1. Need the full-extension length gain, L104 to A81, defined as separation in residues times 0.36 nm minus the C-alpha distance. One decimal, nm.
2. Hand me the tally of lysine pairs in the chain: alpha carbons under 30 angstrom apart, and the pair either on different chains or 8 or more positions apart.
3. Just to be sure I understand: of the beta bridges DSSP finds with both ends in the chain, what percent are antiparallel, rounded to 5?
4. V245 to L333: FRET efficiency via 1/(1 + (r/R0)^6), r the Cβ-Cβ distance, R0 25 Å, to the nearest 0.05?
5. When the accessible area of the chain is computed with all protein chains present and a 1.4 Å probe, what percentage of it is carbon and sulfur?
6. If you take the beta carbon distance between R188 and Q351 as r and set R0 to 30 Å, what does 1/(1 + (r/R0)^6) give as a FRET efficiency, to the nearest 0.05?
7. For region 84-130, what does the alpha-carbon gyration tensor say about shape, rounded, prolate or oblate, given a ≥ b ≥ c as the root eigenvalues, a/c under 1.5 as rounded, and a/b over b/c as prolate?
8. Under 11 Å from a point 7 Å along the Cα-to-Cβ line of R50: which residues of region 1-35 have their amide N that close?
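The values are calculated or read from the model by the stated rules, or taken from the named source; none is laboratory data. Worth saying up front: this structure is predicted, and the values here are computed from it rather than measured. Note that each Cβ is placed from the backbone with ideal geometry, even for glycine, and that neighbours are counted across all protein chains shown. Protein only, heavy atoms only, side chains kept; ligands, DNA and RNA dropped before computing areas. Shrake-Rupley method; radii C 1.70, N 1.55, O 1.52, S 1.80 Å.
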Amino acid sequence: EIILIAHSTTQATNALLERKGARTALITTKGFADALQIGYQDRPALFDLRIPKPDLLYQAVLEVDERVRILKSDAEASELARLGHPIHKGRTGERFAVLASPDLNELEPRLRNLLEQGITSLAVVLLHAYGFPEHEEAIGDLARHLGFQQVSLSSQVMPAVRLVSRGDTTTVDAYLTPHIRTYLDSFRAGFAGGIADERLLFMQSDGGLARADGFTGSRAILSGPAGGVIGYGRSIWNPDQGQPVIGFDMGGTSTDVSRFAGEPDLTFATRTAGVRIHAPQLDIRTVAAGGGSRLFFDNAMFRVGPESAGAHPGPVCYRKGGYPTVTDANLVLGRLQGAYFPCIFGPDEDQPLDREASYQALAKITADINAHYGA
């Protein structure tokens with residue numbers, strides 16, 4: 001009998017790198033539709049004339065005419081109450097005056113229109129929802145009733161004051177959680193009779209474990225790499241010597257680099273695959289370059305990824321009709337010795353790596369390059 005499974009996965013990492021998350025819309029307070037796009041207006045490279053905007057994971061924005069106001073004094077509360085604005089005590093202990101409540105009847109057809117466009121995931125990020133979540137919760141209830149598959153509320157995902165950081169993380173959660181749920185369902189299906197949530201734990205980005213039913217996209221981005229850090233930190237780092245260890249973890253889609261010196265290094269604000277994330281994470285640097293990263297010659301440029309051949313069909317040398325990848329290049333160059341790999345490839349999983357097929361695939365790319373330059 002299975003007592004416990006602790007599992008880490010790169011599903012969220014890969015989906016973010018390859019932009020394969022759910023089609024997502026952002027719902028926010030009227031007047032703040034472009035707040036996440038504007039971001040912090042920071043300039044990492046001060047003298048760079050080309051300033052790239054932050055990547056956005058949502059495809060549409062709906063503004064809701066709602067507003068609450070934080071009350072600073074009893075006089076202010078009395079005046080707003082006199083004008084007919086309800087006063088509530090928020091979960092932070094602050095008092096809030098409701099200046100405008102969302103009109104759910106007006107919002108419903110706009111949400112139905114999103115569903116008709118194929119958008120099935122929502123990130124709801126209202127201005128002061130960290131302390132007064134009622135408006136977000138009402139919108140969330142309506143959206144679930146209408147049939148949205150994923151509704152991420154900022155007041156639940158990251159109840160913090162700052163709108164941009166809260167919005168970034170909630171958007172990531174809405175974008176990736178459906179992908180994670182699909183993977184969880186597939187994973188559970190491999191067990192006879194299924195497996196209970198309390199017996200199935202997943203590694204989160206911060207190196208901790210969460211039950212399967214509490215495992216969400218915003219906490220799963222570095223699940224796989226975090227498992228690697230915890231693993232090599234416990235098995236390789238020598239507490240007597242105290243020598244820091246560098247971790248280099250190349251998978252099929254990404255390569256992750258980290259450092260361990262006795263305790264995992266945590267960070268709370270990172271940028272992964274061009275996306276800002278504000279959640280506890282191990283300090284791991286990820287780039288979209290793995291063994292399965294596909295090779296292209298496109299617009300007179302060499303390009304690697306971020307598209308990945310995945311495990312199936314995989315690289316050309318796997319004998320499953322895959323795509324030319326970094327693995328194929330390493331095999332042709334002799335950096336991978338095919339003779340030392342087991343015969344587990346091909347449709348029947350009984351053949352060796354196919355170096356000749358890799359060579360022919362790269363020869364085709366060479367022909368495209370020569371044709372482009374008239375060689």
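1. On the way: separation 23, 0.36 × 23 = 8.28 nm, distance 2.35 nm.
Additional length available on full extension: 5.9 nm.
2. 9
3. 65
4. Working: r = 29 Å, r/R0 = 1.15.
It comes to 0.30.
5. Details: 10200 of 19580 Å².
In the chain, the share of accessible area belonging to carbon and sulfur is 52 percent.
6. On the way: r = 32 Å, r/R0 = 1.05.
Computed FRET efficiency for R188 and Q351 comes out at 0.40.
7. Values: a/c = 5.25, a/b = 2.04, b/c = 2.58.
It is oblate, given that a/c is not under 1.5 and a/b is not larger than b/c.
8. Under 11 Å, as judged by backbone N against the label point of R50, lies no residue of region 1-35.
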